Each structure stands twice: as C-alpha cells, then as structure tokens.
Amino acid sequence: MCIPERLIAFVGIACGLAMAAKAAAPATVVIRDTTVVDVEKGSLLPSRTLVIVGDRIKSIRPSAERSAVPREVRTIDGRGKFVIPGLIDSHVHFESQLNHCNITGDEILPLFLACGVTTIRDAGDEIVAEKFVARYAAAHPESCPRIVLCSPLIDRIPQRYRDIGWGLPQDPEKVPEFVDDMAGWGVATLKIWVGTERAVGRRLIDEGHRHGMVVIGHLAGNYSPVDAANDGIDSLEHAGPESVYGLIALRSGLHFTGNYADSYDGEVNLNGPVADEVIASLAKTKVMVDPTLVVFSSVSLADMPEISLDPDNLLMPARWQKYCLRWNRNYKPGSLERRKAQFKKYQELTGLLYRANIPLLAGSDGPYPFCPPPGFALQKELRLLVESGLPPAAALQAATIHAARCLKQDEDIGSIEEGKIADLVILNSNPLTDIKNARDISLVVRGGLVCDPGSLLKQVPTN
C-alpha cells in the first residue's frame, strides 16, 4: 500500500504537535489522604487530597470524594502527615555579613528550602548584588526560594553603603526620583533606617505606596516607630534596641549604649504607663511588627555553648564558620545574666504586642554570626515566638499568612487554597501541638516542584 508523501508529512506534523503539547502539559502532583493545616483559623482539615497542576493548587477535596486525575502524575502518600503553607522569612540580608567571608548569597539558598522556607524578603542590601542573587534563585526554583527585593538601607548617614555610590535621599524633594530608580530595579520593599528624619520617612511611605511597594522601618529616635506607624508604614523591624523596645527605653529616660549585647543604661519597664502608651498607639494603626528574636538571642548570648556550638552551624560553609570565630562579641565581663534578662525582655515585649492584637511577622535577620543557618534560623524564630507567649498557630501565621499580606502577595501565597501557588511543607507531625514539629519535614513543594530536604542540604558548599 502506497501512502502519499503529503499524508505522511501531515501525520508527522500532527504527531510532532501532539508530542510538543504533551511535553508542554503542566506536571501534576497529588498528595493523598493528608491533613491540611488551615493557618487562618488555626485548625486542621483531616483526610484531604490536594491536586497540584503546574505551580498552582487545582483542588483540595475530602479524600472520600475520589475524582479523576491525569494518568501521568506523581502521587505522594500523605497519610499521617500534615501540610502547611511554605514558610516566609520576612527579614534576610544577603550581602551585609556574607561579603565579609567571600560567600555569595546563591551558595546558601538551598538551606532555606530544606527548612520549608519558600519565600524570603531581603530587608536591605546593595541592590546589584541582591538582584543577581534573586535572578539566580528565579532560574533555579528546584533548589531556591523566591526572593522579594528591597532597597538599600535608607539612612541620613549611609554607614553600610558609603562606598557604593547610592544617593540615599535625605531631602524630601529627592525621594520621588529615588523611589522611581528602585522601581526600575524591581524593588518591592523600601527599608527606612535609624537616621532618617520624619519628613523624608513620610515622603518615602507615600511614594512607596504610590508605586505599590511595601515600606518597612528599623527606627529609633529621629523617626519614632509610633510616628512611622501613624504615617502608614507597613511594618516595624525588631522588637529590640533601636525599634519598639528602644522607643520605650528612650521615653523612659534611658540611653542606648551602642552595644546590642548590653543595650541600655537601665532596666526597661514593660508593665508601666510608657510601654502601655506605645503599644496602644501601635495597636490603633494595625502596623505589623517583625520581632527577629533569633538574631538578638545570637548576638546577646553567643558565649553560651548551646548557641555557639549548635550543630546546625556546621551546615554553613567553612568560610562562614571561620568568620564567626573572628567576630568580636564585645561582652562586658560578668554580664551574661544581665544579657539573658534583657533578651527575656524582648520576648516579654513580643508577647505584649501579640496580646494587643498587633500582627506579628517572622524574620531571622540572618545570616548573622552565631545565628542558626538560613532556614534553621526561621525555625528557631518560630520556637522563640511560642516561648514569648504565642500559640503555635499564631507563630505559623507570622511566617505564612501575615507575611504574605505584608508582602501584598496573599492572593498567591501564605495559605493553602485552591488557585494559590503550590508552596507547601509536608510534615511528619502536627505543628499545632508543638511548633518544633514544623522542622520535622518530609518534603517541600516549591511552586509545584517536589524537593527533598536531605538532597538540598548536600548542595551547600562545605569549604
């Protein structure tokens, strides 16, 4: 039988198109018979089956409702497991410490994903270096979290950025040009630092919001956290010195010593009228607060073996470990008990903010000397939040839905819902009964890609 050449060509083209369509079809992952953690309500949805198509959650249904799924699908047995949204670290710095030990941010990105952190926000770095790290992460979603870009620290005296040549605005009239430039770099967050005056800060907030940006602040005397909150700032960074705690100290007549490990020249009363007034003022504005307790624990208490000799620290490259050993802790002799008491004050303040219904975020402020490695630091932050008086569900909210809202990305991430990006962490045990279980990770799903934590850790250089 002779088949016309044109028919052969047609069949060949049709087969080729079919194969191309098949190759282009989005991958499907099904997680069967699992328990979904509803972070909004702090409750469990048992016996659910999730269908992920491409990078989105297509359906979440009771497992009893068997529905047809494509034949070519990866199925994950979720029996006995718990699924939470991918975690969000709201406060990371890729350049300010890593550049001291010849490490580039891309080298340590798999650590975040191995700990279930699928999104991170840089909280102030040199923008070119930051952009390169974000570009690398976007090109390697199988091993890296997504990165939200931030401006350099905007300060009256740009201490960290003096040699970089950035024109950090301290004239309100120059703010629009600066914000336009940041928008051109793809920046989503502006970071106001301690030296900025209120006139400039207010203009930054207005211009940032006009561009759809989030504005955050590490603020103290020149521009108080309360004034910034009244001006519409989105979040205040840190519960410790030079922020909310620092404002209470200043209004109580105390003075900052310049040393984060031993911060003020007197004891801060968190149960008096000054603290009550500051917290009540912040609560009225609904500003968010990112306590970053883990970094204060590391800075204040690095001479304690459980911090300096934490086995997790060995997951960082040897270059980082050598840098930490050179780092000057500058502790006064015999000051450990005072430093412990001061850190407890930061935790006490965090609990007060929570009970005042101020939305909290979860951020690590790392990588920082003697702070746990990326990802592991956020896991410790969750534990410290619970120690500060938050229920486990509230700690999870700080690292998921609250963070997503602060990033203005809650339509896509922050909770497990149909249509949202499939950023998920599959846990072996219930995080609502013990927040430590958030680290008991079976698998991580980043935008529909299934990642094995052990394999991710092996990608981080050891030297």
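What residue, among those in region 302-313 that are under 23 Å from the mean Cα position of the chain (by Cα) and not polar (S, T, N, Q), is surrounded by the fewest Cβ atoms within 10 Å (Cβ to Cβ)?
Applying the filter and picking the extreme gives 311.
What's the total number of residues in region 434-463 that are more than 19 Å from residue 138 (Cα to Cα) and not in a helix (DSSP H, G or I)?
Residues in region 434-463 being more than 19 Å from residue 138 (Cα to Cα) and not in a helix (DSSP H, G or I): 9 in total.
What's the number of the only condition in (1) outside the structural domain of residue 320 (by TED's automatic domain parsing); (2) of a type outside the set (Phe, Trp, Tyr); (3) surrounded by fewer than 15 Cβ atoms within 10 Å (Cβ to Cβ) that residue 59 fails to meet?
In the conditions (1) outside the structural domain of residue 320 (by TED's automatic domain parsing); (2) of a type outside the set (Phe, Trp, Tyr); (3) surrounded by fewer than 15 Cβ atoms within 10 Å (Cβ to Cβ), residue 59 misses (3) alone.
For region 389-399, check the following and say yes or no: at least one residue is surrounded by 22 or more Cβ atoms within 10 Å (Cβ to Cβ), without any contact (Cβ under 8 Å) to a residue 60 or more places away in the chain and assigned by TED's automatic domain parsing to the domain that holds residue 56.
No, region 389-399 contains no residue that is surrounded by 22 or more Cβ atoms within 10 Å (Cβ to Cβ), without any contact (Cβ under 8 Å) to a residue 60 or more places away in the chain and assigned by TED's automatic domain parsing to the domain that holds residue 56.
In region 269-356, which helices (runs of 4 or more DSSP H) lie fully inside it and hold 2 or more residues that are farther than 30 Å from residue 462 by Cα?
Output list reads 273-285, 336-355.
Can you confirm whether region 82-98 contains a residue that is in a loop (DSSP other than H, G, I, E, B), farther than 27 Å from residue 374 by Cβ and either assigned by TED's automatic domain parsing to the domain that holds residue 432 or at pLDDT below 95 (or both)?
no
If you go through region 184-209, how many residues are hydrophobic (A, V, I, L, M, F, W, C) and surrounded by fewer than 16 Cβ atoms within 10 Å (Cβ to Cβ)?
2
Looking only at residues in region 182-202 that are touching a strand residue (DSSP E or B) at 6+ places or on another chain (Cβ under 9 Å) and part of a helix (DSSP H, G or I), which one is farthest from residue 238 (Cα to Cα)?
Of everything passing the filter in region 182-202, 182 is farthest from residue 238 (Cα to Cα).
Which one of 207, 237 is assigned by TED's automatic domain parsing to the domain that holds residue 124, modelled with pLDDT of 95 or more, within 21 Å of the chain's Cα centre (by Cα) and not polar (S, T, N, Q)?
Matching residue, one of 207, 237: 237.
Out of all the residues in region 99-126, which are assigned to a helix (DSSP H, G or I) and buried (at least 24 other Cβ atoms within 10 Å of the Cβ)?
105, 108, 109, 110, 111, 112, 113, 114
Is region 257-266 home to any residue that is surrounded by fewer than 24 Cβ atoms within 10 Å (Cβ to Cβ), out of contact with any Lys or Arg (no Cβ under 7 Å at 6 or more places or on another chain), under 27 Å from residue 399 (Cβ atoms) and not acidic (Asp, Glu)?
Yes, some residue in region 257-266 is surrounded by fewer than 24 Cβ atoms within 10 Å (Cβ to Cβ), out of contact with any Lys or Arg (no Cβ under 7 Å at 6 or more places or on another chain), under 27 Å from residue 399 (Cβ atoms) and not acidic (Asp, Glu).
Going residue by residue through region 144-151, is there one that turns out to be farther than 28 Å from residue 451 by Cβ and either at pLDDT 95 or above or not in a loop (DSSP other than H, G, I, E, B) (or both)?
The answer is yes; a qualifying residue exists.
I'd like the full set of residues that are assigned to a helix (DSSP H, G or I) and either in contact with a helix residue (DSSP H, G or I) (Cβ under 9 Å, 6 or more places away or on another chain) or touching a residue at least 40 places away in the same chain (Cβ under 8 Å) (or both), limited to region 203-215.
Across region 203-215, the qualifying residues are 203, 204, 205, 206, 207, 208, 210.
The values are calculated or read from the model by the stated rules, or taken from the named source; none is laboratory data. Everything quoted here is computed from the prediction, not taken from an experiment. Quick reminder, even Gly has a Cβ in these numbers, built from the backbone with ideal geometry, and neighbours come from all protein chains shown.
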